[in-house]
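Colleague: Provided herewith is a single structure, encoded as structure tokens, for subsequent inquiry.
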Ligand code: CU
């Protein structure tokens, strides 16, 4: 069992998860048809946590739960007080309006059984040349349904879709053998296929095997020598009270939710003995993956891997080791399944330090003074697998005050068989298959707290000046800045041509040069959604229409795509900002959309090399001079081998 909670932000322990579910089961008479698509800590308010930290005021432990009755489809939200063992709130959702609860692992398994037993589906598969024996090996991917109008046949139902891939044996890479033009729509509560989409084209199933398991890959390359990373004196970070991390002046608490996975709480920097707050809570709240293809297998696809599937729920348990070579610290996550049976997600979060090349350097050629300092970063990360794709989420903290989030996109692309004579809506990866063009959008939520609770967001751009009597040589350009006053002003897109950037500042404080301390959001990967804003997908992934959104903190606005994107018409940021609330000098949340437009190519297959996307937050007028000037000089002699030392410049 996990150790008892010591801080109000500590994850619910296994004992607390069990207690929460039994309170609900007993007091609400929950039976064999009830499930728990979500059960997690109900995070206390910032004020309640401050009272706990400053004066030890008790902060009640609460659980937030979503409960689904599989026999009726009725869905409830509940908050349970674990100390008084009472239900503080219990509300039924209007699932046609609010959306459906996230999909459950049980339903992924159910979907496969339901589709495989459907006689019409079996007939359609046989028309594609497969036998009863083949059907046992067919892979069926569980897909969210989307939102396709208020058609009576879909109303009030909890729906999923199944897409099929042929495998000769179970360990084959099914994505090399898609069954084209065949999608089963399943009522997952009623447990039946309610509609079978068969476009009747019966394109032959691609046959070439493209497996990636070690035995299939054959002889690996032979010319790699060992590379060891050692920390003979141990790591430089400490972990206190289960979840609190300190490293190189940084302090934060580790959190984790089924939807978001890793959450960074209360991130601050100890600047000359005083911990200065920067971000109160940071996470990736969802990701949307819209597809640009009009064939039956793809036109409806826009997975919300956070809100529909759960980035945290599908986290990998890294028992075999994280992808890092040196000293590691893992965090285990107390979890529970759809029935509220608890388990520990072993080693779900991995933390380590990494060398990151040069932090700063100068060689003064006149005097021979040569100074260089190496950079080190703290890495805290997790990986999850959402059906075909694998996503790594890596938060980095640097010694110069930089914060970075990097998402690693890998795994296997969605595939389609090429119809002879047809131009596919995507890139060919083999002569038989193509990957439909699609986009990946991540919605990061940054509840900012730069030097205090009241912040503002500014935008700065560099603009050319006319060549006239004020700019005789034509070399001058100007920088213009504005402070966003309300939400609609702050719905912004990146613009590389003007170097547009956004800064989160504390307008109530000035630094030693008369500026407000701030952090600059460095937006680095900036596609926007190309589905029409009025389309089903464009509405539902509306957070991807802008790179920046700023909202005043509101308890219920937790996820960029809204609370329940599953079968939702469209919710979240584009809806909330219509309130056009003031956002100047207030408790605010900065939302950053970043992503990747993926035009597939042969190098993406059979498993694509990692595509990196993300953003940085860099101190801007926050520190007095470069905070990394105090890094120790000198090189690590243990890592310099004979014959390699000459690559380092003469060091005095
Ligand atoms: Cu992709």
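Colleague: Please state which of the following conditions residue 353 fails to meet, knowing it meets all the rest: (1) part of a strand (DSSP E or B); (2) within 16 Å of the ligand (Cβ to nearest atom); (3) touching a strand residue (DSSP E or B) at 6+ places or on another chain (Cβ under 6 Å).
Modeller: Just one mismatch for residue 353, condition (2).
Colleague: Looking at residue 650, is it in a loop (DSSP other than H, G, I, E, B), more than 16 Å from the ligand (Cβ to nearest atom), modelled with pLDDT under 95 and within 27 Å of residue 402 (Cα to Cα)?
Modeller: Details: in a loop (DSSP other than H, G, I, E, B): yes; more than 16 Å from the ligand (Cβ to nearest atom): yes; modelled with pLDDT under 95: yes; within 27 Å of residue 402 (Cα to Cα): no.
No.
Colleague: A further question follows. Please go through the range 436-473 and give me each residue that is within 16 Å of the ligand (Cβ to nearest atom) and within 30 Å of residue 269 (Cβ to Cβ), ordered by number.
Modeller: Just the residues of the range 436-473 that are within 16 Å of the ligand (Cβ to nearest atom), to begin with: 436-442.
Answer for the range 436-473, where residues must be within 16 Å of the ligand (Cβ to nearest atom) and within 30 Å of residue 269 (Cβ to Cβ): 441, 442.
Colleague: So residue 360 fits all but one of (1) assigned to a loop (DSSP other than H, G, I, E, B); (2) more than 16 Å from the ligand (Cβ to nearest atom); what number is the exception?
Modeller: Of the numbered conditions (1) assigned to a loop (DSSP other than H, G, I, E, B); (2) more than 16 Å from the ligand (Cβ to nearest atom), the odd one out for residue 360 is (1).
Colleague: Which count do you get for residues in the range 8-33 that are assigned to a loop (DSSP other than H, G, I, E, B) and buried (at least 18 other Cβ atoms within 10 Å of the Cβ)?
Modeller: Here is the first cut: in the range 8-33, the ones assigned to a loop (DSSP other than H, G, I, E, B) are 8-13, 28-33.
With the extra rule that they be buried (at least 18 other Cβ atoms within 10 Å of the Cβ), the set shrinks to 8-13, 30.
Total satisfying the criteria: 7.
Colleague: On the basis of being part of a loop (DSSP other than H, G, I, E, B) and either surrounded by 17 or more Cβ atoms within 10 Å (Cβ to Cβ) or under 29 Å from the mean Cα position of the chain (by Cα) (or both), does residue 161 make the cut?
Modeller: On the way: part of a loop (DSSP other than H, G, I, E, B): no; either surrounded by 17 or more Cβ atoms within 10 Å (Cβ to Cβ) or under 29 Å from the mean Cα position of the chain (by Cα) (or both): yes.
It is false that residue 161 is part of a loop (DSSP other than H, G, I, E, B) and either surrounded by 17 or more Cβ atoms within 10 Å (Cβ to Cβ) or under 29 Å from the mean Cα position of the chain (by Cα) (or both).
Colleague: Does residue 193 fit the bill of being closer than 14 Å to residue 121 by Cα, surrounded by 21 or more Cβ atoms within 10 Å (Cβ to Cβ) and in contact (Cβ under 8 Å) with a residue 24 or more places away in the chain? First the steps, then the outcome.
Modeller: Numbers: closer than 14 Å to residue 121 by Cα: yes; surrounded by 21 or more Cβ atoms within 10 Å (Cβ to Cβ): no; in contact (Cβ under 8 Å) with a residue 24 or more places away in the chain: yes.
Judged against the criteria, residue 193 is not a match.
Colleague: Filtering the range 421-441 down to residues that are part of a loop (DSSP other than H, G, I, E, B) and touching a residue at least 12 places away in the same chain (Cβ under 8 Å), which residue is surrounded by the most Cβ atoms within 10 Å (Cβ to Cβ)?
Modeller: Residues of the range 421-441 part of a loop (DSSP other than H, G, I, E, B): 421-425, 429-432, 437.
Filter again for touching a residue at least 12 places away in the same chain (Cβ under 8 Å), leaving 424-425, 429-432, 437.
Numbers: 424: 18, 425: 18, 429: 24, 430: 16, 431: 10, 432: 20, 437: 19.
Per the criteria, the residue is 429.
Colleague: Additional query: So, of the residues in the range 578-637 that are within 16 Å of the ligand (Cβ to nearest atom) and assigned to a helix (DSSP H, G or I), which turns out to be surrounded by the most Cβ atoms within 10 Å (Cβ to Cβ)?
Modeller: Per the stated criteria, the residue is 604.
Colleague: Could you run through the range 559-602 and say how many residues are in contact with a strand residue (DSSP E or B) (Cβ under 7 Å, 6 or more places away or on another chain) and under 30 Å from residue 96 (Cβ atoms)? I'd like the intermediate steps shown before the answer.
Modeller: First, pick out the residues of the range 559-602 that are in contact with a strand residue (DSSP E or B) (Cβ under 7 Å, 6 or more places away or on another chain): 559-561, 565-567, 573, 576-577, 580-601.
With the extra rule that they be under 30 Å from residue 96 (Cβ atoms), the set shrinks to 559-561, 565-567, 573, 576-577, 580-581, 589, 591, 593, 595.
Of the residues in the range 559-602, 15 are in contact with a strand residue (DSSP E or B) (Cβ under 7 Å, 6 or more places away or on another chain) and under 30 Å from residue 96 (Cβ atoms).
Colleague: Something else now. Please work out which residue is surrounded by the most Cβ atoms within 10 Å (Cβ to Cβ), limiting yourself to the range 382-420 and to residues that are outside any strand (DSSP E or B) and within 12 Å of the ligand (Cβ to nearest atom). Quick ask: steps written out before the conclusion?
Modeller: First pass over the range 382-420, keeping only residues outside any strand (DSSP E or B): 387-388, 399-402, 412-415, 418-420.
Those still in the list that are within 12 Å of the ligand (Cβ to nearest atom) too: 388, 412-415.
Values: 388: 17, 412: 21, 413: 24, 414: 26, 415: 31.
Only one residue fits best here, namely 415.
Conditions tested, residue by residue: (1) within 16 Å of the ligand (Cβ to nearest atom); (2) surrounded by 14 or more Cβ atoms within 10 Å (Cβ to Cβ); (3) touching a residue at least 40 places away in the same chain (Cβ under 8 Å); (4) not in a strand (DSSP E or B).
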position	(1), (2), (3), (4)
228	no, no, yes, yes
236	no, no, yes, yes
242	no, yes, yes, yes
245	no, yes, yes, no
251	no, yes, no, no
254	no, yes, yes, no
279	no, yes, yes, no
285	no, yes, yes, no
299	no, yes, no, yes
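Colleague: Please work out if residue 12 is more than 25 Å from residue 453 (Cβ to Cβ) and within 24 Å of the chain's Cα centre (by Cα). Give the steps one after another, and end with the answer.
Modeller: On the way: more than 25 Å from residue 453 (Cβ to Cβ): yes; within 24 Å of the chain's Cα centre (by Cα): yes.
When the stated conditions are applied, residue 12 passes them.
The values are calculated or read from the model by the stated rules, or taken from the named source; none is laboratory data. Predicted model only: the values in this text are computed from it and were never measured. Neighbour counts run over all protein chains shown; Cβ positions are idealised from the backbone, glycine included.
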